[in-house]
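Here's the structure we're looking at; comments come further down.
The values are calculated or read from the model by the stated rules, or taken from the named source; none is laboratory data. Only a predicted model underlies this, so the values are computations on that prediction, with no experimental measurement involved. Here the Cβ positions follow ideal geometry from the backbone for every residue, glycine too, while neighbour counts run over all protein chains shown.
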Amino acid sequence: MIHPGNFILANTNGRLHPADEPSISPLNRGFLYGDAIYEVWRTYNGVIFAWDEHWHRLKCSAAALYMGLPWTQAQMFNEIQKTTAAWRERTGSTAELYIRLQVTRGGGAIGLDVALADHPDFVLLVQPCPLLSDAQESTGLLLSLARGLKRNHPDTLNPAWKTGNYLNNLLCLREAKSRGADEVVITNLTGEITEAAVSNIGFVRDGAVVLPPLEAGILAGITRRILIDQVAPKVGVPVYQQAVRPEDLPGISECFLTATTKDLIPVRAIDTTTFRIGKDTLTMRLKRAFADYVADYIKLHPQQLL
């Protein structure tokens, strides 16, 4: 039996194999140019969460890149079922799962012209879902503002497209990590806070949630959308989408990140600015409400059990 924590199973165009085994051509455009899109899902109680929402975003990313998706949603769900079942069989684990689908434009002759691509390829990756430790949840994360680089402007490579090109995020995160932070806060060209490297960011001010707007240059996060549309209204918390700048941070009481794999993540500080953390915070109230939303989702989607 393979230890589940050390094993990632891949599915390349329908073929199952260990993820450390090569499976795509060196001419694949995702490898050569970052000409790729992706989505990540997680399971709760074995049910794949927000399946439709992530699939819709994948289609939007594909359309933005003029990339075809030759698989239907039902066909890809069958591939995910096959891959997750094989992962559980090989590991014997019932852990909650992280499921990543990457689609590339394919291979072909070397050159930037998209007409050189032959056909789209997909790679599914399945591993245990990385969860917050009790210590991280109770103490919150430490973030640091990126100083060397800014967020891509939406009129360049739009951060709303979930593409395989993550150098901007990667380099900003490297800078923050070099200062001992857990994550980075990236600002745009006008100095507004946008998001973290792999998460949206939110704030609590005067009893309301304040989120950077999409126009600032951020990914349209699924957890962020559920917070706006479902979770915050359920508990009577107003949500405002408005610009936040680093100089506004001293007037903010709480900070949190939102992400598919970890829902709401409390933040204890951005550099030297500290925020309230603890069970009695609005952040944790929203986190509990999100858990209630997930419980209802599981009941309503038994057909998505993996």
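How many residues, within segment 261-286, are closer than 18 Å to R225 by Cβ and buried (at least 21 other Cβ atoms within 10 Å of the Cβ)? Don't jump to the end; show me each part of the working.
As a first pass, look at segment 261-286 and keep what is closer than 18 Å to R225 by Cβ: 261-265, 283, 286.
Subsequent filtering for residues that are buried (at least 21 other Cβ atoms within 10 Å of the Cβ) retains 263-265, 283, 286.
Within segment 261-286, residues that are closer than 18 Å to R225 by Cβ and buried (at least 21 other Cβ atoms within 10 Å of the Cβ) number 5.
Filter segment 261-306 down to residues that are hydroxyl-bearing (S, T, Y) and in contact with a Phe, Trp or Tyr (Cβ under 7 Å, 6 or more places away or on another chain) and give me whichever is nearest to V237 (Cα to Cα). Write out each step before concluding.
As a first pass, look at segment 261-306 and keep what is hydroxyl-bearing (S, T, Y): 261, 272-274, 281, 283, 293, 297.
Among the residues that remain, those that are also in contact with a Phe, Trp or Tyr (Cβ under 7 Å, 6 or more places away or on another chain) are: 261, 283, 297.
Working: T261: 23, T283: 11, Y297: 21 Å.
Step by step, filter segment 261-306, then rank; the result is T283.
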Can you tell me which of S178, S133 is of a type in the set (S, T, Y) and within 25 Å of K287 (Cβ to Cβ)? S133
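Being out of contact with any Asp or Glu (no Cβ under 8 Å at 6 or more places or on another chain) and more than 24 Å from D35 (Cβ to Cβ) is the requirement here; does A74 meet it?
Values: out of contact with any Asp or Glu (no Cβ under 8 Å at 6 or more places or on another chain): yes; more than 24 Å from D35 (Cβ to Cβ): yes.
Spelling it out, A74 is indeed out of contact with any Asp or Glu (no Cβ under 8 Å at 6 or more places or on another chain) and more than 24 Å from D35 (Cβ to Cβ).
Would you mind stating whether E195 is crowded, with 21+ Cβ neighbours inside 10 Å, under 30 Å from H3 (Cβ atoms) and either β-branched (V, I, T) or outside the structural domain of Y33 (by TED's automatic domain parsing) (or both)? I'd like the intermediate steps shown before the answer.
Values: crowded, with 21+ Cβ neighbours inside 10 Å: yes; under 30 Å from H3 (Cβ atoms): no; either β-branched (V, I, T) or outside the structural domain of Y33 (by TED's automatic domain parsing) (or both): yes.
Answer is no for this residue.
Just one of T139, T156, T84 is among the hydroxyl-bearing types (S, T, Y) and buried (at least 16 other Cβ atoms within 10 Å of the Cβ); which is it?
Values: T139 fails: buried (at least 16 other Cβ atoms within 10 Å of the Cβ); T156 fails: buried (at least 16 other Cβ atoms within 10 Å of the Cβ).
The match here is T84.
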Out of all the residues in segment 15-38, which are among the hydrophobic types (A, V, I, L, M, F, W, C) and in a helix (DSSP H, G or I)? F31, L32
Given the criterion in contact (Cβ under 8 Å) with a residue 24 or more places away in the chain and not assigned by TED's automatic domain parsing to the domain that holds H153, identify the matching residue among L227, L257, L305. L305
List every residue pair whose Cβ atoms lie under 6 Å apart, where the two residues are 6 or more positions apart in sequence or sit on different chains, the first residue falls within segment 98-117 and is more than 30 Å from D52 (Cα to Cα), and the second residue, located anywhere, is in a loop (DSSP other than H, G, I, E, B). G108/D118; L116/A109
When C172 is run through (1) part of a helix (DSSP H, G or I); (2) within 15 Å of the chain's Cα centre (by Cα); (3) surrounded by 16 or more Cβ atoms within 10 Å (Cβ to Cβ), the failure sits at (2)
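Could you check segment 179-286 for strands (runs of 3 or more DSSP E) lying wholly inside it with 1 or more residues that are in contact with a Ser or Thr (Cβ under 7 Å, 6 or more places away or on another chain)? Let's see the steps before the verdict.
Values: elements: 183-187, 193-195, 200-205, 208-211, 239-241, 254-259, 263-270.
Strands (runs of 3 or more DSSP E) meeting the threshold: 183-187, 193-195, 200-205, 254-259, 263-270.
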